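Nothing in this text is a laboratory measurement; each read-out follows from the coordinates by a stated rule. None of the values given here were measured: they were computed from a predicted structure. Glycine gets a Cβ as well: all are built from the backbone with ideal geometry, and neighbour counts include every protein chain shown.
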Amino acid sequence: MRKEKEGATSDTERPQLDTHIGYGGTLMKCKTLLLIAVTAVAVIATLTPSTSGQTDQIATSVFVTKIPAGYRDWKLISIAHEEGNLNSFAAVLGNDVAIKSYRENKLLFPDGTIIAALHYSHVSSEENNKAFGRSQSFVAGPPTNVQFMVKDSKKYSPTGGWGFGHFNEDGTTGDDAMMKTCFPCHAQAKGSDLVFTHYAR
């Protein structure tokens with residue numbers, strides 16, 4: 001048998017156990033690091049708010065879901081006649097806050113302002129036309145819907161401080177697809193605080 005040099009060991013005498021312990025320790029460290037990483041990801045996912053949830057919340061928060069009380073007794077702001085597919089008359093009313101702001105010619109409406117648009121179908125009046133002797137009279141027909149703009153700069157901040165409401169004559173409200181068109185449309189009236197209607201003196 002060949003004599004090993006001093007300080008050296010043979011293959012059969014080399015302590016393979018140390019090597020296995022080193023491998024086992026490395027594997028254990030890897031598992032530990034992986035566990036820490038997985039835990040960290042889980043914690044971050046738990047603490048991070050869902051952006052889709054925020055989007056849904058913003059989308060629904062800009063809608064007015066209750067008809068303001070007493071709106072039928074508010075003062076007249078103006079009237080409007082829409083043709084095309086709408087073919088309607090509208091009486092635009094405002095609560096005291098809205099009327100005060102209009103009369104003082106304020107550029108920005110204060111919180112608490114509510115504007116209502118009462119829409120009616122646009123029909124010819126046979127009764128009036130008989131009296132005039134010709135077809136020239138058009139009046140408000142059956143009501144179709146009532147729309148509201150409510151100013152609350154904090155509650156409705158995603159939509160320029162205005163909440164929008166649409167209530168059909170049968171008691172139903174406008175669907176999400178229709179309601180989501182309100183703000184983009186009114187955003188075109190930035191110079192008058194998103195309000196299209198001017199005060200009729």
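In percent, what relative contact order does segment 94-201 have, based on Cα pairs under 8 Å that are 6 or more apart in sequence? Relative contact order for segment 94-201 comes out at 21 percent. Among D152, D176, the order by Cβ neighbours within 10 angstrom, fewest to most, reads D176, D152. Between N168 and E127, the simple spin-label model (points 7 angstrom out along Cα→Cβ) gives 2.9 nm.
Listed from fewest to most Cβ neighbours within 10 Å, the set M178, M149 follows the order M178, M149.
Dipole size of segment 60-192 about its Cα centre, with +1 on Lys/Arg Cβ and -1 on Asp/Glu Cβ: approximately 500 debye, rounded to the nearest 20. Along the axis of the charge dipole computed for segment 84-179 (Cβ charges of +1 for Lys and Arg, -1 for Asp and Glu, origin at the Cα centre), the listed residues Y120, G171, N105 are led at the positive end by N105. Is the shape of segment 139-200 rounded, prolate or oblate, going by the alpha carbon gyration tensor and its root eigenvalues a ≥ b ≥ c, with a/c under 1.5 for rounded and a/b larger than b/c for prolate? Because a/c hits 1.5 or more and a/b fails to exceed b/c, segment 139-200 counts as oblate.
Charging the Cβ of each Asp and Glu at -1 and of each Lys and Arg at +1, and nothing else, the dipole of segment 76-117 about its Cα centre rounds to 160 debye.
Modelled label positions at S137 and Q188, each set 7 Å beyond Cα in the direction of Cβ, lie 3.5 nm from each other.
Placing a label point 7 Å from the Cα of A200 along the Cα-to-Cβ line, the residues of segment 87-107 whose backbone N sits under 13 Å from it are 89-94. Applying a threshold of 20 Å to the alpha-carbon distances of K106/K151; K66/K100; K75/K154 flags K66/K100; K75/K154 as lying beyond it.
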